[in-house]
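Worksheet for the structure shown next.
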Amino acid sequence: MILMEIVSIRNQTITEFVLLGFSDVAELHLLFFIVFALIYTSIIIGNMLIIVAVVSSPRLHTPMYFFLVNLSFLEILYTSTVVPKMLEGFLWEAAISVAGCLLQFFIFGSLATAECFLLAVMAYDRYLAICYPLRYPLLMRPRWCLGLVVISWLSGFIVDGLVVTLMAQLRFCGPNHIDHFYCDFTPLMGLACSDPSIAQLTTFILSVVCLTVPFGLILTSYARIVVAVLRVPAGASRRKAFSTCSSHISVVSTFYGTLIVLYIAPSAVNSQMLSKVFGLLYTVFTPLFNPVIYTLRNKEVHQALRRLLYIKQTETLN
């Protein structure tokens, strides 16, 4: 009788998942909530300031800042898909419906894939600006820039739409606990009762293409930038260029590196806690550092922000 009940439960399709998050360190949940709430707030404010500064300053209406605005907008959506649910898990049990779980993965995965392509576009833009300064205005015309951004966004949603379509055909019948802080692919496949091999193979192939190709283009672009910079006489401009390139590559490498490990070589991660730490790198810390890295030494953005704050202060006093 008991065996029949167990079989019945296992064959029953579940309706919701429970995200376990960082349940292994429950005593640190309050501290984690405060820290990640502050980080999330910083991400939103930092990226919003970049968007407002660029939009409000005609001098910044150039291809580089157009791509930067798209990156900032993408980062806001990207983190907002994952972090609020993670914060909820620090306070109480974070439950999510099966449909909501697939939707979260679709939005998050689409935005992550779009960012992979957008970062490659931004690196290509810098390569053209530095290596072909005279032809740059012709090569990066507004219509071409818009097309590159649209392709980046559409590619993300098309690729992950295919993956989620395959995932939606799977049956989940228990257990319903996801040992992660968001609905990631690998933990979800581990809970599927039906054969997930097609979804896994498709995801692997798409991950290889969508991660290695853009990352290779980025490395190639920056390698050519370095070669071009080496031809410039040694001085402050060369040091600044190397410093900027190294900071960009460090953030990009962290983003791509963690995604490559988790989606192309998941066997390299030998514990679920390590998988969560890797997940934090590309869901929280990269979006936190991106606006800082891409605007830290940018005097034009600083001036636009100062003008914006001055105008706001003047309006307040009047």
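Structural remarks
- Scope region 144-172; condition open to solvent by less than 70 Å² (accessible area, probe 1.4 Å), hydrophobic (A, V, I, L, M, F, W, C) and over 23 Å from residue 85 (Cα atoms); matching residues: 145, 148, 149, 150, 153, 159, 166, 170
Residues checked against (1) at pLDDT 95 or above; (2) open to solvent by less than 10 Å² (accessible area, probe 1.4 Å); (3) farther than 28 Å from residue 38 by Cβ; (4) β-branched (Val, Ile, Thr):
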| site | (1), (2), (3), (4) |
| --- | --- |
| 76 | no, no, no, yes |
| 82 | no, yes, no, yes |
| 88 | no, no, no, no |
| 100 | no, no, no, no |
| 115 | no, yes, no, no |
| 125 | no, yes, yes, no |
| 131 | no, no, yes, no |
| 140 | no, yes, yes, no |
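- Residue that is farthest from the chain's Cα centre (by Cα), among those in region 121-180 that are in a loop (DSSP other than H, G, I, E, B) and hydrophobic (A, V, I, L, M, F, W, C): 134
- So residue 232, is it closer than 30 Å to residue 184 by Cβ, among the aliphatic types (A, V, I, L, M) and either touching a helix residue (DSSP H, G or I) at 6+ places or on another chain (Cβ under 6 Å) or at pLDDT 80 or above (or both): no
- Against the list (1) in contact with a helix residue (DSSP H, G or I) (Cβ under 9 Å, 6 or more places away or on another chain); (2) modelled with pLDDT under 85, the condition residue 20 fails is (2).
- Summed over region 193-202, the residues that are under 22 Å from residue 175 (Cβ atoms) and in contact with a helix residue (DSSP H, G or I) (Cβ under 7 Å, 6 or more places away or on another chain) give a count of 3.
- Enumeration of residues in region 37-65 that are more than 16 Å from residue 293 (Cα to Cα) and either within 18 Å of the chain's Cα centre (by Cα) or surrounded by fewer than 17 Cβ atoms within 10 Å (Cβ to Cβ) (or both): 37, 38, 40, 41, 52, 55, 56, 58, 59, 61
- Within region 178-191, the set of residues being open to solvent by less than 20 Å² (accessible area, probe 1.4 Å) and without any contact (Cβ under 8 Å) to a residue 40 or more places away in the chain comprises 189 only.
- When we screen 33, 67 for residues that are within 14 Å of residue 181 (Cβ to Cβ) and part of a helix (DSSP H, G or I), the only hit is 33.
- Matching residues in region 267-287 - criterion: being in contact with a Phe, Trp or Tyr (Cβ under 9 Å, 6 or more places away or on another chain) and at pLDDT below 85: 269, 273
The values are calculated or read from the model by the stated rules, or taken from the named source; none is laboratory data. These numbers were taken from a predicted model, which means no experiment stands behind them. With ideal geometry, Cβ positions are generated from the backbone for all residues, glycine too; neighbour counts draw on all protein chains shown. Ligands, DNA and RNA are stripped out before the accessible areas are found, and what is left, the full protein with its side chains, is counted by its heavy atoms. Shrake-Rupley method; radii C 1.70, N 1.55, O 1.52, S 1.80 Å.
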